[in-house]
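The values are calculated or read from the model by the stated rules, or taken from the named source; none is laboratory data. Please read all numbers here as calculations on a predicted model, not as lab measurements. Please note: Cβ atoms are built from the backbone with ideal geometry, for glycine as well, and neighbour counts cover all protein chains shown.
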Amino acid sequence: MAERLRPCSRCFSFAEDELCPICADPRRDTALLCVVEEPSAILPIERTHEYRGTYHVLGGALSPIDGVDPDDLRIDELVTRIDTEGVQEVVLATNPTMTGEATALYLADLLRGRVRMTRLASGLPVGADLEHADELTLGRAFLGRREM
């Protein structure tokens, strides 16, 4: 199985085919795009059953001290998707860490005026990773997301 996995050509999550199961699902709301750092953040969000949009995996978070700048992430691909796929809202679901917050602020500044920007609401502990959050906390954070 692992040898058949590759990045989804649309969202950059894991896929066995050209598209991952989420991108291939015609019932998903393509006007709603959730931006995450890594594919591992998608499953906990899906378990909440609160989100029916699509995803975009950045491949990390901005961290100048570690040498990770915007060119190292899939930000250009994100902008292209917003411009070509009719995206109306971008949900910034980066981790509530220093690098995740820096990435969210950078994206909010970059995309402001192009599309509605929201951020997951409080309820997630600062310094924690999304994949370790329980479904109830993460679900409430999605329901209470706010404008950036």
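Step by step: first the residues of region 28-55, then only those that are assigned to a strand (DSSP E or B) and of a type in the set (A, V, I, L, M, F, W, C), then the one that is surrounded by the fewest Cβ atoms within 10 Å (Cβ to Cβ). Which residue is that?
Filtering region 28-55 down to residues assigned to a strand (DSSP E or B) leaves 29-36, 53-55.
Imposing the further condition that a residue be of a type in the set (A, V, I, L, M, F, W, C) reduces the set to 31-36.
Details: Ala31: 14, Leu32: 18, Leu33: 22, Cys34: 24, Val35: 24, Val36: 26.
Here the answer is Ala31.
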Inset, instruction - Residue by residue through region 121-143, note down the ones that are farther than 11 Å from Ile45 by Cα, at pLDDT 75 or above and either of a type in the set (Asp, Glu) or in contact with a Ser or Thr (Cβ under 7 Å, 6 or more places away or on another chain) (or both). - result: Gly127, Asp129
Inset, instruction - Say whether the condition of being more than 15 Å from the chain's Cα centre (by Cα) and free of Cβ contacts under 8 Å to residues at least 40 places away in the same chain is met by at least one residue in region 37-47. - result: no
Legend entry - Some residue of region 84-103 being outside any loop (DSSP other than H, G, I, E, B), in contact with a Gly (Cβ under 6 Å, 6 or more places away or on another chain) and farther than 22 Å from Arg116 by Cβ: no
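Taking region 89-109, which residues are loosely packed, with under 15 Cβ neighbours inside 10 Å and more than 17 Å from Glu38 (Cβ to Cβ)? Working first, answer last.
Narrowing region 89-109 to residues loosely packed, with under 15 Cβ neighbours inside 10 Å: 98, 109.
Within region 89-109, just Asp109 meets the criteria.
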Inset, instruction - Select from region 8-27 the residues that are more than 18 Å from Glu77 (Cβ to Cβ) and in a loop (DSSP other than H, G, I, E, B) and list them in ascending order. - result: Glu16, Asp17, Asp25, Pro26, Arg27
